There are 2 protein chains.
Amino acid sequence: MFLNHTMTALSSGMASLIVPMPLLATVEAENSPIVLAGVLLSLVVIYLASKLGAEAAKRLDFPPVLGELVAGVIVGVSALHLIIFPESGLSAADSAVMTVLQWINHLSPAALTSVYESQSEVISVLAELGVIILLFEIGLESDLRQLKEVGTQAVIVACVGVVVPFAAGTVGLMMLFNVPAIPAIFAGAALTATSIGITSKVLSELGQLKSKEGQIIVGAAVIDDVLGIIVLAVVASLAKTGEIDVSNVIYLIVSATAFLIGSILLGGIFNKTFVAIVEKFKTRGNVVMPAFIFAFFMAFLGSAIHLEAILGAFAAGLVLDETDARNELDELVKPIADLLVPIFFVTVGARADLGVLNPTLPENRAGLLIAAFLMVVAIVGKVVTGWVVFGQPGINRLAIGVGMVPRGEVGLVFAGIGSASGVLDKPLEVSIIVMVILTTFLAPPFLRIAFGQPVEPPSTGEPSSEEPILAGKS
Amino acid sequence: MFLNHTMTALSSGMASLIVPMPLLATVEAENSPIVLAGVLLSLVVIYLASKLGAEAAKRLDFPPVLGELVAGVIVGVSALHLIIFPESGLSAADSAVMTVLQWINHLSPAALTSVYESQSEVISVLAELGVIILLFEIGLESDLRQLKEVGTQAVIVACVGVVVPFAAGTVGLMMLFNVPAIPAIFAGAALTATSIGITSKVLSELGQLKSKEGQIIVGAAVIDDVLGIIVLAVVASLAKTGEIDVSNVIYLIVSATAFLIGSILLGGIFNKTFVAIVEKFKTRGNVVMPAFIFAFFMAFLGSAIHLEAILGAFAAGLVLDETDARNELDELVKPIADLLVPIFFVTVGARADLGVLNPTLPENRAGLLIAAFLMVVAIVGKVVTGWVVFGQPGINRLAIGVGMVPRGEVGLVFAGIGSASGVLDKPLEVSIIVMVILTTFLAPPFLRIAFGQPVEPPSTGEPSSEEPILAGKS
């Protein structure tokens, strides 16, 4: 803009420039305020959608995360085209946000495409930072000492609940639907993790949180989360190399587990160092800054050793949960998570093209069958876990199994990472998201039935302040 | 990655694929985890630099923001090359962060350049979001009612302190150094805004905050900030169109002022609506989310009417400062600002190539002369303001003038926006940054001299918990 500016009365008399001027105001530099405007407008849309969706879900007695996800679907590629991404095949002209920017700034088509790509890239990275902070927060809220108390029953339920859906999903997709190994494994892995947050909220509403069944469900869900994140790290790494050989799989499982256990052990030492550092700092951000340096460094490390950034962030959360700064940190991370995590949930919904499951189109039948198959495996694979509980006569096995059904955030993390890395095709990605939505949607009424209680949710105001967006400690 | 994966025993038998696979895993999608890794590593470097810089400055009794800026210079293009940007002319191979990524991921040169550009874009937008949140926070902390009390003296001091350095700087740059009008006006404008935070901290250390001089200085600094942001919006808009005609300038001044006053007036109405909305929300982020929807929307609006995003963010802060949710909001915004604002300060330092002022190179003489000239104007233009105070016999005019000298954050906002938009060439940009560093560095001892106190800072521990990163309410 500097080179072609109209010289006016004030400056026209100047012939020689002593000061060397920038040789070239690049297209990027010229467009940078427009990219920022696009990011701001996209964030306003994402935040509005997420808040309205979460509040609507809450009022209908569903978990807020479900509302955020559905709101994402509505503003995304499936409906309003407010938040879309180049990978969907849609161009800048299809994006409502870009149309507004075009109308304000009168951009050339080439400039518009460049702005569209840049702002999509930025929103994608913000969503990835959101999921990193989500896992950091889940780590901060997961109390490992609790695991020792829930005992063998929970461990067995968790392991069966990971192995059965994973094996049935992967083998079924490969055998019945001829899906190649890597995406089949990825989709199978997405079926593994139970949502602690949703499960524990419904249990607490039913007054069953402290029952034997409730204790086993919550304990298993915590272990499930840890196993799910290890599975994700291994599977995502397989997807990167594109190779599946047994030694590599063993190496990955060992390194992911070692990474997690190693960080927890080192955390015992780092623990005191962290508090000592925080106490020495006297400027603003004395707690939050070292915590995020550690979390982002661990996330980078997870990524650098070819596992996943979120594994590192989760490990960082587990470590810092052991420090004395824990409570202060919980409070400080909350507003940051409130601002970044919804970007992840809304964009997962926005990227999901529900059109690929439109039942009126014959070419979608394969995709629909896959979605139905994943749903069945997702439910059956968890319900069976109730029957592996041993030595507990009279226990409500159905309730335990149903309690493990809702997937929630970790399933979405799979869908999001699978879609971003290109390993999942659209029907598979959408099937996973639909599976997460439906299991989360169905679990509360089914759990009430399994416990022999009326299906109607209590008509009184919601007393629980616990938020099921995240896996809580209770 | 999907197309060329090695088929193994498990998948080799599959010939036909019923499910359509993604046609093309684009370079962007393949590199997206690497871009994320680059962003994470850059953030770790930025946070480490900012924290170490701030703490070192604090211990040397300088404002922390100065330490963040100097740390940015050290990790940036002038020294360590840890945080560099393509606009500096340096390639991916020059970047230490990219070298690490290259070593981990074995990228092709083309892929490395693409990752470098993407991650630089993301860091730039994060820095811009940082300055938006900085101005939002300054707005939240500026109490407009306070202004009515400080009276005419402060208004006059503020106006003279804006007009004199602006006029002298702009005309001097054009006449003495043949700088074209637009960059000269931009640099002149960068000389206008006094830092409330730094000034009020030094005054409180000297026990002069409640003195007549102190009251005038702080009042004038608040007005100064508002005037400076209006000047920035006008000047940045001029830089965008590249044209300077009187009607356009008048239009811009009127629209920037109207935007600010209009939002404050509307804020009186919106005020109650905001609190009512916040009280209705029952899910997480019920306060922080509506606040940021409003702030980002106002920032977008400021950008959409061809002024500046930060003007909108500042106005949003002023409006929300009037609501009952103010105190809660202050607490919630703090950790978010702690995480995003340092990205802005460190990247401003990192982008500044101090090499263009290297005195041993003869071609740098013009730049050095400009830097020296800006320094003189920056100091003299503010010191003279002491002598416009009237009807106050015996008042310490020198102290008032010296108190207006430190520039701090708003000056850096000018340098950052000027550099991002390409309107400032390197010597001018670096001169502004050096001016900010030196005025901030010199003001505390000079103010002690002006008030007739010993130059040595008190040797006892720093009792003030007030943080001069931001303009505080005193």
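The values are calculated or read from the model by the stated rules, or taken from the named source; none is laboratory data. Just so it is clear, the model here is predicted, and its values are computed rather than measured. Neighbour counts are summed over all protein chains in view; Cβ atoms, including those assigned to glycine, are modelled from backbone coordinates with ideal geometry. Ligands, DNA and RNA are excluded from the accessible area calculation, which covers all protein heavy atoms including side chains. Shrake-Rupley method; radii C 1.70, N 1.55, O 1.52, S 1.80 Å.
The mean number of Cβ atoms from other chains found within 10 Å of a Cβ in peptide A:231-243 is 2, as a whole number. The 3J(HN,Hα) values that the Karplus relation (6.51, -1.76, 1.60; θ = phi - 60°) gives for the stretch A:431-442 are, in residue order, 4, 5, 5, 4, 4, 4, 4, 6, 4, 5, 6, 7 Hz. Gly and Pro appear as x.
Which entries in the list B:K58/B:K212; A:K240/B:K240; A:K272/B:K334; B:K272/B:K334; B:K58/B:K280; A:K51/B:K334 go over 32 Å, if you measure between the two C-alpha atoms of each? If you can, show how the numbers build up before the last one.
Values: B:K58/B:K212 28 Å; A:K240/B:K240 44 Å; A:K272/B:K334 25 Å; B:K272/B:K334 23 Å; B:K58/B:K280 43 Å; A:K51/B:K334 21 Å.
Pairs exceeding the cut-off: A:K240/B:K240; B:K58/B:K280.
Solvent exposure of the stretch B:232-309 amounts to 42 Å² per residue of accessible area, where only protein heavy atoms count and the probe is 1.4 Å. Taking 7 Å steps out from each Cα toward its Cβ at A:L369 and B:S91 produces label points 5.2 nm apart. Geometric descriptor of the stretch A:69-142, per residue, is 100 Å³ (volume of the convex hull of the Cα atoms). Need one number: buried accessible surface between chains A and B, 1.4 Å probe, both sides summed, DNA, RNA and ligands left out, in Å² to 100. Buried: approximately 9100 Å² between B and A. Between the helical axis of B:326-351 and the longest alpha-carbon principal axis of chain B there is an angle of about 80 degrees.
With every protein chain present, what is the per residue accessible area of the stretch B:27-123 (1.4 Å probe, Å²)?
About 35 Å² of surface per residue is accessible.
Separation of the stretch B:379-444 and the stretch A:254-298, taken as the distance between their Cα centroids, equals 40 angstrom.
The order of the peptides A:382-391, B:114-123, A:439-448, B:63-72 by mean Cβ neighbours within 10 Å, most packed first, is B:63-72, B:114-123, A:439-448, A:382-391. Helix A:246-280 and the longest principal axis of the Cα set of chain A meet at an angle near 70°. Across the alpha-carbon atoms of the stretch A:126-450, the computed radius of gyration and Dmax are 19.6, 66 angstrom.
Between amide H atoms placed 1.01 Å from N, distances below 5 Å from B:D321 occur with no residue 5 or more places distant or on a separate chain. Please pull out the direction-averaged projected area of the stretch B:27-123, using the convex hull of its alpha-carbon atoms, in nm² to one decimal place. If I average the Cα hull's projected area over directions, I get 6.0 nm². For the peptides B:350-357, B:187-194, B:246-253, the ranking by packing is B:187-194, B:350-357, B:246-253, with the highest mean count of neighbouring Cβ atoms within 10 Å listed first. Per-residue ellipticity at 222 nm, computed for chain B from helices alone with -39500 (n - 2.57) per DSSP H run of at least four residues, works out to -24000 deg cm²/dmol. Along the stretch A:320-325 the Karplus relation, 6.51 cos²θ - 1.76 cosθ + 1.60 evaluated at θ = phi - 60°, assigns HN-Hα couplings of 6, 5, 7, 8, 6, 7 Hz to successive residues, with x for each Gly and Pro.
Over the protein assembly as shown, the hull volume per residue, using the convex hull of the C-alpha atoms, is 165 Å³.
When the accessible area of the protein assembly as shown is split by element with a 1.4 Å probe, what percent falls to carbon and sulfur? If you can, show how the numbers build up before the last one.
Details: 23280 of 34230 Å².
Roughly 68 percent, rounded to a whole number.
The angle separating the long axis of helix A:409-421 from the principal Cα axis of greatest extent in chain A is about 40 degrees. Shielding value for B:175-184 is 5, the average number of Cβ atoms from other chains within 10 Å of each residue's Cβ. Only the Cβ atoms of Lys and Arg (+1) and of Asp and Glu (-1) were treated as charged; on that basis the dipole of the stretch B:27-123 about its Cα centre amounts to roughly 360 debye. B:E87 contributes an accessible area of around 110 Å² to the protein surface, as traced by a 1.4 Å probe with all chains present.
Peptide A:424-431 shows a mean partner chain C-beta count of 3 within 10 Å per residue C-beta. Given +1 at the Cβ of Lys and Arg, -1 at the Cβ of Asp and Glu and no other charges, the dipole of the stretch A:255-412 around its Cα centre is 160 debye to the nearest 20.
Working note: Karplus 6.51/-1.76/1.60 with θ = phi - 60° gives the stretch A:367-381 the couplings x, 5, 4, 4, 4, 5, 4, 4, 4, 4, 4, 4, 7, 4, x Hz, where Gly and Pro are set to x.
Highest average first, the peptides A:53-62, B:264-273, A:228-237 ordered by how many other beta carbon atoms sit within 10 Å of their residues are A:228-237, A:53-62, B:264-273.
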